[in-house]
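Everything below concerns the one structure shown next.
Since every read-out is calculated from the coordinates, none of them should be taken as a lab result. Keep in mind the model is a prediction, meaning the values are calculated, not measured. When we count neighbours, we look across all protein chains shown, and the Cβ atoms used for this are built from the backbone with ideal geometry, even at glycine.
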Amino acid sequence: MTYEIYIHVPFCLRRCGYCDFNTYTATDLGAGASRGHYAQMVIREMALIRQWQCDHGIEEPAASTVFFGGGTPTVLAAADLVAMVDAIRAIWGLTPDAEITTEANPDTVDEAYIAELADGGFTRISFGMQSAVPHVLATLDRTHTPSNVAAGVDAATMAGLRSSVDLIYGAPGESLEDWRTSVEAALDLGVHHISAYALTVEPTTKMGRRIAAGTLPKPDDDDEAAKYELADELFTQAGLDWYEISNWARPGYESRHNLGYWRNVDWAGLGPGAHSHYRCHAVSSDGYGLRSWDIAHPRLWGVAINEHRVPWADSERITAEENLEELIMLGLRMREGLDLECIDRVIAVDRLTPMIEEGLVTVVDGRRVVPTRRGRLINDTVIERFFDLAGI
C-alpha cells in the first residue's frame, strides 16, 4: 500500500499568459491565506485531514512521496516548505527513502535556498524551463533565462538533489528548430528526467484571448506531433526512456510521485483546489474509493480551516465504471502498460489485433498493452477504442 501527499501553493510572482491553474499574484488573499502564513494554514489542514481519516477508520502508511506544486512553491521561504515536510513527518510519517519534490521557477531560487531545501529533507527539484529560446519564452510570458535554469540545476547538483526540467512545445511562433534548440539545451544540462507537454490553450487565458482575436496563431496538431516525435527521438538517443506519455527519464530516475498518480494509489491533496484520492473500503462499501477536492479560492479555503472544517468543496464516490475507465486511461499512458488481468472485463488479446496491426499498441508478456509512439500521439483514440472493447 502506498500513500502520497500533494501540496498546492497558489502563489505566483506573475501569471503567465497560457496558465489556467488555480494561482494568484496577490500576497494576501484573506482569512490567513497569505504567503507569510500559508505554511501554518496547510499544517492546520493536515491535522484536519488526519482527524477525518481517523474518524473513518483510515490508517495510511507513512508517506512515500511529497510533491509541492503550484503556482510557484518557491515564492515561499525555504523554511516554510521544510516546515510543511516536518509536519508531514510528525502527522503521518515519512518512509526512509521518501521522495520529496518541489516545483521551482528558476527566478525564485539560488544556491542558499536550494541548500536549505536539501538540509530539510528534499530530494528532488523540478524546474520550469519551458523553452531555451528567448522569443518563445517571451510568448509564454516567462521572465527567466536559460542561464537561470542552468544555475539552478548546478546548485541542486551541488546540494545533492536530483533535478528535472519541464518543457512546453507548440507555442505560437515556435519553429521545429526552436524546439530542437530547447530539447538539446535541456539535455545539455545533464538532468536525468525531462517532462515535455504540448501547449494547451484555454480560452479564458491571456493567450487564449489573443489567439481568439487573431493576434497569435493557434497551435497546430501536426506541428505538435512532429515536435513530440523529435523530442522522443532525441531523449531516447541520450538515454532517457519514456515511462509516461509526457515524461522521460534514465532508469531509476522516474518521478515516483507521478507514477503513484498513474497507478491510482492513495494521496491526500492539501491547499486550495487540491484533489485527494482514497481507495479504502472505509469510505466506499464497493471498494472503488472516493475523490475529493479542496475549495478553490484561498480565502474561502482559509475560512473553512479557521472554522475547523475539512476544507473540501465536495467529494464523490468512484463507481465501478469510473474505476474501469481510470484503469484503462492511466494504464495506456504508461510504458508499463495496461495489465489486462487487473481490469474486471475480459478483453482477449486477439481482439487487439486491429490496433496491433495499425501500429498503435504492442502486447508484452501476453497481457500488458503498451502504446507505441504512434499510439501515444493519438492516445485519446486508443483509449476510446479500449472503452468500446470494454463495453463502456
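General remarks:
- For the stretch 95-156 versus the stretch 326-392, the gap between their alpha-carbon centres in whole angstrom: 35 Å
- In this label model, A238 and A112 are separated by 3.2 nm, measuring between points 7 Å along each Cα→Cβ vector.
- For the stretch 195-266, a Kirkwood radius taken over Cα pairs fed into Stokes-Einstein (20 °C, viscosity 1.002 mPa s) yields D = 148 µm²/s.
- Peptides 115-121, 207-213, ordered by how many other C-beta atoms sit within 10 Å of their residues on average, highest first, read 115-121, 207-213.
- About the centre of its Cα atoms, the stretch 29-124 shows a dipole size close to 300 debye [charges on the beta carbon of Lys, Arg (+1) and Asp, Glu (-1) only; nearest 20 debye].
- Alpha-carbon Rg/Rh ratio, for the stretch 228-273, with Rh computed the Kirkwood way: 1.11
- Over the chain, Cα pairs under 8 Å with separation of 6+ residues give a relative contact order of 16 percent.
- Magnitude of the charge dipole for the stretch 210-309, about its Cα centre and with charges confined to Cβ atoms of Lys, Arg (+1) and Asp, Glu (-1), is about 680 debye.
- Estimated from helices alone, the mean residue ellipticity of the chain at 222 nm is -11500 deg cm²/dmol (sum of -39500 (n - 2.57) over DSSP H runs with n ≥ 4, per residue).
- Positive-pole candidate from N323, L338, T27, dipole of the chain, charges at beta carbon: T27
- Taking amide H as placed 1.01 Å from N in the peptide plane, A274 has its amide H under 5 Å from the amide H of D294, each at least 5 places away in sequence or on another chain.
- Placed amide H near I7: partners under 5 Å, 5+ positions off or other chain: F67, F68, G69, L270
- The 3J(HN,Hα) values that the Karplus relation (6.51, -1.76, 1.60; θ = phi - 60°) gives for the stretch 104-120 are, in residue order, 8, 7, x, 6, 10, 10, 9, 4, 5, 4, 5, 4, 5, 4, 4, 5, x Hz. Gly and Pro appear as x.
- Only beta bridges with both residues in the chain are counted; by DSSP, about 40 percent of them are antiparallel.
- Any cysteine of the chain lacking a neighbouring Cys Cβ under 4.7 Å - listed by number: C12, C54, C280, C342
- Averaging 1/r across all pairs of distinct Cα atoms in the stretch 107-223 and inverting the result yields a Kirkwood radius of 15.2 Å.
- Ranked by the mean number of other Cβ atoms within 10 Å per residue, highest first, peptides 92-105, 313-326 order as 92-105, 313-326.
- Equivalent ellipsoid semi-axes, the stretch 103-163, via Cα gyration tensor eigenvalues times 5, rooted, Å: 23, 9, 9
- The phi torsions of the stretch 131-148, fed into the Karplus equation with coefficients 6.51, -1.76 and 1.60 and a -60° offset, translate into couplings of 7, 10, 10, x, 6, 6, 4, 5, 4, 7, 6, 8, 9, 6, 10, x, 5, 4 Hz, rounded to whole numbers, with Gly and Pro shown as x.
- Dipole magnitude for the chain: about 660 debye, using +1 per Lys or Arg Cβ and -1 per Asp or Glu Cβ, origin at the Cα centre.
- Convex hull per residue volume in Å³, alpha carbons only, for the stretch 82-125: 70 Å³
- The alpha carbon radius of gyration of the stretch 337-392, expressed as a multiple of 2.2 N^0.38 Å, is 1.01.
- In order along the stretch 349-357, the phi-based Karplus estimate (6.51 cos²θ - 1.76 cosθ + 1.60, θ = phi - 60°) of 3J(HN,Hα) comes to 4, 5, 6, 8, 3, x, 6, 5, 5 Hz; Gly and Pro are listed as x.
- For the chain, built as a Gaussian network whose Cα springs stay under 10 Å, the top-fluctuating residue of H135, H275, H144: H135
- Kirkwood hydrodynamic radius of the chain, from inverse mean 1/r over distinct Cα pairs, in Å: 22.2 Å
- Low-density loop positions, trypsin sites (Lys or Arg not before Pro), the stretch 5-107 - DSSP coil, at most 16 other Cβ in 10 Å: R14, R15
- The alpha-carbon atoms of the stretch 1-109 define a convex hull whose volume equals 120 cubic angstrom per residue.
- Kirkwood hydrodynamic radius computed over the stretch 249-392 comes to 17.1 Å, based on all pairs of distinct alpha carbons.
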